[in-house]
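Comments concern the structure below.
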Amino acid sequence: MQLYSTRNKEKLVSLKEAVFKGLPEDNGLYMPQHIPTLDQNFIRNLKSFSFQEIAFQVADTLMQGAIPKNDLKKIIAEAVNFPAPVHRLDEQKYVLELFHGPSLAFKDFGARFMAQLMSYFNKGENRQLVILVATSGDTGGAVAAGFYQTPGIEVVILYPSGKVSMLQEKQLTTLGHNVKALEVQGTFDDCQALVKQAFLDAELSSAIRLSSANSINIARLIPQSFYYFEAYKQVSDGTTPIVFCVPSGNFGNLTAGLIAHRMGLPVHHFIAATNINDVVPQYLHTGQYTPRPSTRTLSNAMDVGNPSNFARMLDFFSKENCSTWNNMTASISGYAYNDSQTRKAVQEVYSKHNYIIDPHGAVAYLALGEYQQKHPDTIGVLLETAHPAKFLNDMNDILNQSIDIPERLSTLANKPKEATLTDTNFDVFKKHLLNQYA
Ligand SMILES: *Cc1c(COP(=O)(O)O)cnc(C)c1O
């Protein structure tokens, strides 16, 4: 498998290089040079395969021999070790539940697969790999759980003191082993600045093998294509067109769906659902892309003002002698909703379908409904990207009752927190890293 940068298609790198680097030097994003199509028989017979078998077939085809089949099977077994069930709301609407992993959000798929790939590619190395991650809350939990006890890899998570929720903090600080938390007396931007400076520091880079677990790493995108096939398998009746509705922030999930489509999954249409941070729906309506600072909303994992994967989407739909916008709008429609609409949607899903949906899924529910009014002869699958218990206070307010907390979250509350308190001084941070890992 070879990958190019969206800013320079001539310079190709291997999957290993793309995974360790995360970002090309030219600040583009890595994209597969070639996206192969799956055997049509495989797609026709999806129902006869397990989720893990599907994931293996998709990964093996996409990665084109970058990893020997037996090793890839082991990687998939470790990374895809929880289900992605579909819940039926009615004959037209289905919810793809992506929250059955350790941190209760779809990001577990990407984090676990990336951890396995890095560990695999790291094998011949005699020095340990140290992953630095700055988190504002959500990503850190998935990365911590994903890399937990991965051989040869140490993880250092920097989070802003007092600015993440209690349960989020516990997800970062209670695992131990190879996962260490640094509680930074500053903001998320301070955490990010420390990580950036570490990568630029020559002394650190020569003393320690550093890497990042960046959200735009291609290793996080690949596994997100698996569950589109898994959902299709569960809802397809063989004739009715199937559409996917994706609640979006940085548009990684939607881009993974486009990859699944390009590999031959017969998706009729994609729906991009956002909160009022709607630069992509605006682009789809007007052809103008105008990034802007993000605004805080109820569905805060989608508060993104300049989605990083938009460059990949443009790349996907750019063809010679053809308008990229025309191409994209033929495959994707965009819709956006505010917080008061989102609250009403959570209540409607509960009263009408007796199902508790989180605010991100609720945005997708609204978009799917609006699309299906014009396209009634479709089966719609919306991606439920997180468990509602992750947003406990908001959910209790909206539904006016307390909702159940899954055991893997409630047991966290009693586990002791272990974190090293530090200020925003880079020299202190550097000394800490050299002491612990050099
Ligand atoms: C990260 C996240 C999103 C946004 O996903 P993208 O792939 O960045 O578009 C949506 N919902 C939840 C709950 C998330 O954590």
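Summed over qualifying helices (DSSP H, 4 residues or more, each -39500 (n - 2.57)) and divided by its residue number, the chain shows a 222 nm mean residue ellipticity of -12500 deg cm²/dmol.
GNM on the chain, alpha-carbon springs under 10 angstrom: the most fluctuating residue among Asn41, Asn275, Asn396 is Asn41. Using the Karplus relation 6.51 cos²θ - 1.76 cosθ + 1.60 with θ = phi - 60°, the per-residue 3J(HN,Hα) values for segment 68-80 come to x, 3, 5, 5, 5, 4, 5, 4, 5, 4, 6, 7, 9 Hz, with x marking Gly and Pro. For a 30 Å ceiling on Cα separation, which of these pairs sit above it: Lys73/Lys93; Lys93/Lys417; Lys9/Lys196? Violating the 30 Å limit, Cα to Cα: Lys73/Lys93; Lys93/Lys417.
The distance separating the Cα centre of segment 228-256 from that of segment 102-147 comes to 25 Å.
Listed values for segment 268-282 are Karplus-derived 3J(HN,Hα) couplings in whole Hz (6.51 cos²θ - 1.76 cosθ + 1.60, θ = phi - 60°), namely 6, 6, 10, 10, 8, 10, 10, 7, 5, 7, 10, 5, 6, x, 4, and x replaces Gly and Pro.
If you run the Gaussian network model on the chain, springs between alpha carbon atoms under 10 Å, then out of Ala273, Ala419, Ala213 the most flexible one is Ala419.
Does segment 282-438 come out rounded, prolate or oblate by the C-alpha gyration tensor, with a ≥ b ≥ c the root eigenvalues, rounded set by a/c under 1.5 and, if not, prolate when a/b is larger than b/c and oblate if not? Note, shape of segment 282-438 comes out oblate.
Shown in residue order for segment 185-197 are the 3J(HN,Hα) couplings computed by the Karplus curve 6.51 cos²θ - 1.76 cosθ + 1.60 at θ = phi - 60°: 7, x, 9, 4, 4, 4, 4, 5, 5, 4, 5, 4, 5 Hz (x for Gly and Pro). Here is the list for segment 383-438: trypsin sites (Lys or Arg not before Pro) lying in DSSP coil, each with at most 14 other C-beta atoms within 10 angstrom of its C-beta, are Lys417. For a paramagnetic label modelled on Leu421 (point 7 Å from Cα along Cα→Cβ), amide N atoms under 16 Å away belong, within segment 136-168, to 159-164.
Solvent-accessible surface of the chain, taken per residue with a 1.4 Å probe and all protein chains present: 42 Å².
Ignoring aspartates and glutamates fewer than eight residues from Lys16 along the same chain, the ones with Cα atoms less than 20 angstrom from its Cα are Glu25, Asp26, Asp60, Asp71, Glu78, Glu125, Glu154.
Rounded to the nearest 20 debye, the dipole size of segment 326-383 about its Cα centre is 80 debye, using +1 on the Cβ of Lys and Arg and -1 on the Cβ of Asp and Glu.
The values are calculated or read from the model by the stated rules, or taken from the named source; none is laboratory data. In this text the structure is predicted, and so the values were computed from the model without any measurement. Virtual Cβ from ideal backbone geometry, glycine too; neighbours counted across all protein chains shown. In case anyone asks, the SASA skips ligands and DNA or RNA and just uses the protein heavy atoms, side chains included. Shrake-Rupley method; radii C 1.70, N 1.55, O 1.52, S 1.80 Å.
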